[in-house]
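J.: Quick one: the structure is below, and I'll ask about it shortly.
The values are calculated or read from the model by the stated rules, or taken from the named source; none is laboratory data. The structure presented is a predicted model; accordingly, all values stated were derived computationally and were not measured. Virtual Cβ from ideal backbone geometry, glycine too; neighbours counted across all protein chains shown.
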Amino acid sequence: MKTYRVAAAIIRNNGKILIAQRLKGAHMGLKWEFPGGKIETGEDAAGCLKREIKEELDLEIEVNGELTVVEHQYENKKIFLYCHWCRCLSGEAKPKECQDFKWANLEDLDNYDFADADRPVVRLLLKTFIRPIPPQPGAFY
């Protein structure tokens, strides 16, 4: 069984997050995802994201801190998804190597049909920023 290291960009702009729709004929075709791609040999996640976002959406980005790493088992492959916060530096998004894209409101993310590996990232973002867990009585924060 093959294992892939994949990078995903969580790109924020004016309170929205950029999501991309996978190409119709691709694995998990027409599902939504956080844009990115396979990390090539000798490449780190930041380099991969800069390359992939330029190729897929024609945007120049800055890669910031890591948000999370998701391990997901598909039927015939395993994915390690390295998710990083990113900021758009220049360009206007165009669907060059994706079916479509959207600048989605954070609270609307669970209305999109995300690829399986991206779903835990959606849950994390919603839990952290939209539906935070209330503090426990007597806990120190």
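J.: Of these, CYS98, CYS48, CYS86, which one is assigned to a strand (DSSP E or B) and touching a strand residue (DSSP E or B) at 6+ places or on another chain (Cβ under 6 Å)?
T.: Result: CYS86 is the single residue among CYS98, CYS48, CYS86 that is assigned to a strand (DSSP E or B) and touching a strand residue (DSSP E or B) at 6+ places or on another chain (Cβ under 6 Å).
J.: Going residue by residue through segment 101-114, is there one that turns out to be closer than 26 Å to LYS2 by Cβ and surrounded by 13 or more Cβ atoms within 10 Å (Cβ to Cβ)?
T.: Initial filter on segment 101-114 (closer than 26 Å to LYS2 by Cβ): 113-114.
Next, from what is left, pick out any that are surrounded by 13 or more Cβ atoms within 10 Å (Cβ to Cβ): 114.
Taking every residue of segment 101-114 in turn, at least one turns out to be closer than 26 Å to LYS2 by Cβ and surrounded by 13 or more Cβ atoms within 10 Å (Cβ to Cβ).
J.: Ok, one more. Could you look through segment 13-27, keep only residues that are assigned to a loop (DSSP other than H, G, I, E, B) and not aliphatic (A, V, I, L, M), and pick out the one that is surrounded by the fewest Cβ atoms within 10 Å (Cβ to Cβ)?
T.: At the first step, the residues of segment 13-27 found to be assigned to a loop (DSSP other than H, G, I, E, B) are 14-15, 22-27.
Among the residues that remain, those that are also not aliphatic (A, V, I, L, M) are: 14-15, 22, 24-25, 27.
Numbers: ASN14: 5, GLY15: 9, ARG22: 20, LYS24: 8, GLY25: 8, HIS27: 11.
Filtering segment 13-27 for residues that are assigned to a loop (DSSP other than H, G, I, E, B) and not aliphatic (A, V, I, L, M), the one surrounded by the fewest Cβ atoms within 10 Å (Cβ to Cβ) comes out as ASN14.
J.: Continuing with the same structure: Taking segment 67-86 as the search range and keeping residues that are modelled with pLDDT under 95 and among the charged types (D, E, K, R), which one is nearest to the chain's Cα centre (by Cα)?
T.: LYS77
J.: Going through segment 81-96 one residue at a time, which ones are crowded, with 16+ Cβ neighbours inside 10 Å and more than 16 Å from ASN14 (Cα to Cα)? Explain how you work it out, then say what you get.
T.: Of the residues in segment 81-96, the ones crowded, with 16+ Cβ neighbours inside 10 Å are 81-84, 86, 88, 93.
Hits for segment 81-96 are LEU81, TYR82, CYS83, HIS84.
J.: Anything in segment 63-103 that is among the polar types (S, T, N, Q) and touching an Asp or Glu at 6+ places or on another chain (Cβ under 7 Å)? List them, or say none. Don't jump to the end; show me each part of the working.
T.: Residues of segment 63-103 among the polar types (S, T, N, Q): 64, 68, 73, 76, 90, 99.
Answer for segment 63-103, where residues must be among the polar types (S, T, N, Q) and touching an Asp or Glu at 6+ places or on another chain (Cβ under 7 Å): just SER90.
J.: Which residues, taken from segment 29-79, are small (Gly, Ala, Ser) and exposed (fewer than 15 other Cβ atoms within 10 Å of the Cβ)?
T.: The initial filter retains those residues of segment 29-79 that are small (Gly, Ala, Ser), namely 29, 36-37, 42, 45-47, 65.
Matches in segment 29-79: GLY29, GLY42, GLY47, GLY65.
J.: Just one of (1) free of Cβ contacts under 8 Å to residues at least 12 places away in the same chain; (2) out of contact with any helix residue (DSSP H, G or I) (no Cβ under 8 Å at 6 or more places or on another chain); (3) part of a loop (DSSP other than H, G, I, E, B) trips up LEU30, so point out which.
T.: The one condition LEU30 does not meet is (1).
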